[in-house]
Each structure stands twice: as structure tokens, then as C-alpha cells.
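Structure, as C-alpha cells:
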Amino acid sequence: MRYITPRKAAMGLGSAHSGTSDHWAMTVSAWALLILTPLFLITVGSALGLPRDEVIAHFGRPWPGIITALFIVVGMVHFIKGTRIMIDDYFQHAARKAAIIFSVIFGWAVIAAAIFALAKMALVSIGN
């Protein structure tokens with residue numbers, strides 16, 4: 001017995017009505033991370049071993065700040081979507097809801113903290 005109609009199969013919609021769009025979102029963010037990860041590692045690697053003031057000045061510049069912000073935002077959105085898929089597969093009822101709420105709050109808290117830190121470094125480097 002089929003659980004989806006031929007129309008839904010042609011449209012790419014399964015029983016959850018969002019599987020295809022979720023898959024594409026994960027695919028796009030994975031490709032973005034494939035490009036951003038080496039750029040982020042180069043950016044952070046060039047700041048390793050620098051004194052505190054030079055690290056703040058380094059991440060206060062546009063290119064390292066933007067690469068770091070993009071990496072954190074795209075990575076954490078990918079994390080939120082990935083944990084949602086995992087939680088849907090392995091948790092039930094109230095535990096599922098609590099785990100989803102926790103993972104979303106955690107992901108956005110990391111994004112907020114990273115953006116705040118980068119903004120603060122940019123403002124400090126402007127002031128100097």
C-alpha cells in the first residue's frame with residue numbers, strides 16, 4: 001500500500017510534506033560549509049599565536065569577520081536542521097519536543113554569542 005499519491009510523488013512531497021525541501025536545505029548548507037570550512041580554518045589559523053590585541057584587530061577586519069560569521073551561522077543552521085532530523089528519528093512525544101526546543105535554543109544562542117563577539121571585536125578595532 002502506498003502512502004503517497006502519484007501527485008505528491010511527482011511534486012516530491014512525502015507524508016511530512018517537507019522532506020524534499022529539508023533535503024535541499026541540508027545539501028545547500030553542506031556545500032556552503034564545504035567552501036567556508038577551509039576559508040575559516042585559514043582565517044583562524046592565521047590568527048593562532050598572535051597576542052590578544054592583534055587577534056582582536058584581525059577579526060575586526062571585514063574579511064576574517066565575515067568569513068567567521070558566515071561559517072558560524074551556516075554551520076549552526078545546518079546543526080539545527082540536522083539535529084531536528086535525528087531527534088525526529090530517535091525521540092518520542094514530550095522528549096522529542098524538549099530536545100527540539102533545546103537544540104534550536106542552543107544553536108541560536110551560539111550564533112548570537114559569535115555575532116556579538118565579532119561585533120565587539122570590530123567595534124574595539126575601530127576605536128583603536
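Values in this text are rule-based calculations from the coordinates and carry no lab data. For clarity, every value in this text was computed on a predicted model and none was experimentally measured. FYI the Cβ positions are ideal-geometry reconstructions off the backbone, even for glycines, and counts take in every protein chain you see.
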Worksheet item: Fully extended, how many nm does the chain gain between THR37 and SER21 (0.36 nm per residue separation, minus their Cα-Cα distance)?
Response: 3.4 nm
Worksheet entry | Cα-projected label distance for VAL110 with LEU70, points at 7 Å along beta-carbon direction, nm | 1.9 nm
Item to complete: Grab the beta carbon distance between ILE85 and ARG61, set R0 = 35 Å, and tell me the FRET efficiency rounded to 0.05.
Response: 0.45
Fill in: Karplus 3J(HN,Hα) series, Hz, for segment 47-53 with 6.51 cos²θ - 1.76 cosθ + 1.60 (x for Gly, Pro)
9, 5, x, 7, x, 3, 4
Response to the item:
For the ALA47, ALA94 Cβ pair and Förster radius 35 Å, calculated FRET efficiency rounded to 0.05 is 0.20
